[in-house]
Amino acid sequence: MAKATTAMVTSSAESAIIAADTCVALDQLILGKPSSEAQAAQMLRALSGRDHDVFTGVAVINTDGATRSCVVHTIVTFNDLSQADIAWYVATGEPMDKAGAYGIQGKGGVLVERINGSASNVVGLPMVETMQLLTSAGLNVAALRSQS
């Protein structure tokens, strides 16, 4: 954080640094990225047919070094998964670099029955809240929208 703040303070342009990290929690246990296919399958079995929590912390540092942050919470409900469903998904390789062993934005989207909260949070960057942080940091969000 100190390096990011130093970089922002020495910048002359209107800019900001955005940092975010997402975690998946089931029964108050954090499910990180699986270290093996067996661990990915174990996580998916545990999530099968259940609700779990997805939390993303977002921080914005603007050019004056001020930091604004928030945590966004979404509840995700998984479908009941068969062993074949789990084996198929693990074989795609997609779970291996994802917290909780799934990515809703990819093939893992078929594993999810419903979402209560921000879908972009589950992907890894809650857009509404990020735009609110940028606005509160004094950035011209309207200009950002016109560039896309």
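Bear in mind these aren't lab numbers, they're just calculated from the coordinates by the rules spelled out. Note that this is a predicted model, so its numbers are computed, not measured.
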Original post:
Across the stretch 40-49, in residue order, what do the Karplus-derived ³J(HN,Hα) couplings come to in whole Hz, using 6.51 cos²θ - 1.76 cosθ + 1.60 with θ = phi - 60° and x for Gly and Pro?
Top reply: 4, 4, 4, 4, 5, 4, 5, 7, 3, x
**OP:** For the stretch 2-137, calculate the relative contact order in percent as a whole number, restricting contacts to Cα pairs under 8 Å that are 6 or more residues apart.
**Re:** 29 percent
Original post:
For the stretch 104-113, in order, what is each residue's ³J(HN,Hα) by Karplus, 6.51 cos²θ - 1.76 cosθ + 1.60 with θ = phi - 60°, in whole Hz (x at glycine and Pro)?
Top reply: 5, 7, x, 4, x, x, 6, 7, 9, 7
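Find how much the distance from Met96 to Thr67 grows on full extension, using 0.36 nm per residue of separation minus their present alpha carbon separation; answer in nm with one decimal.
Length gained between Met96 and Thr67: 7.2 nm.
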Original post:
Mind listing the phi-derived Karplus ³J(HN,Hα) values for the stretch 115-126, rounded to whole Hz, using 6.51, -1.76 and 1.60 with θ = phi - 60°, and x for any glycine or proline?
Top reply: 10, 10, x, 7, 5, 5, 4, 5, 6, x, 8, x
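Would you mind calculating the gained length between Val141 and Thr77 on full extension (0.36 nm times residue separation, minus the Cα-Cα distance), in nm to one decimal? Working shown, then result.
On the way: separation 64, 0.36 × 64 = 23.04 nm, distance 3.26 nm.
Gain in length upon complete extension: 19.8 nm.
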Original post:
Between Leu81 and residues 5 or more places away or on another chain, which pairs have amide H atoms under 5 Å apart, with H built 1.01 Å from N, and which residues are they?
Top reply: Gly49
Subject >> Within the chain, helix-based [θ] at 222 nm, where runs of 4 or more DSSP H residues each add -39,500 (n - 2.57), nearest 500 >> reply: -9000 deg cm²/dmol
**OP:** Subtract the Cα-Cα distance of Arg45 and Ala19 from 0.36 nm times their separation in residues, and report this length gain in nm to one decimal.
**Re:** 6.3 nm
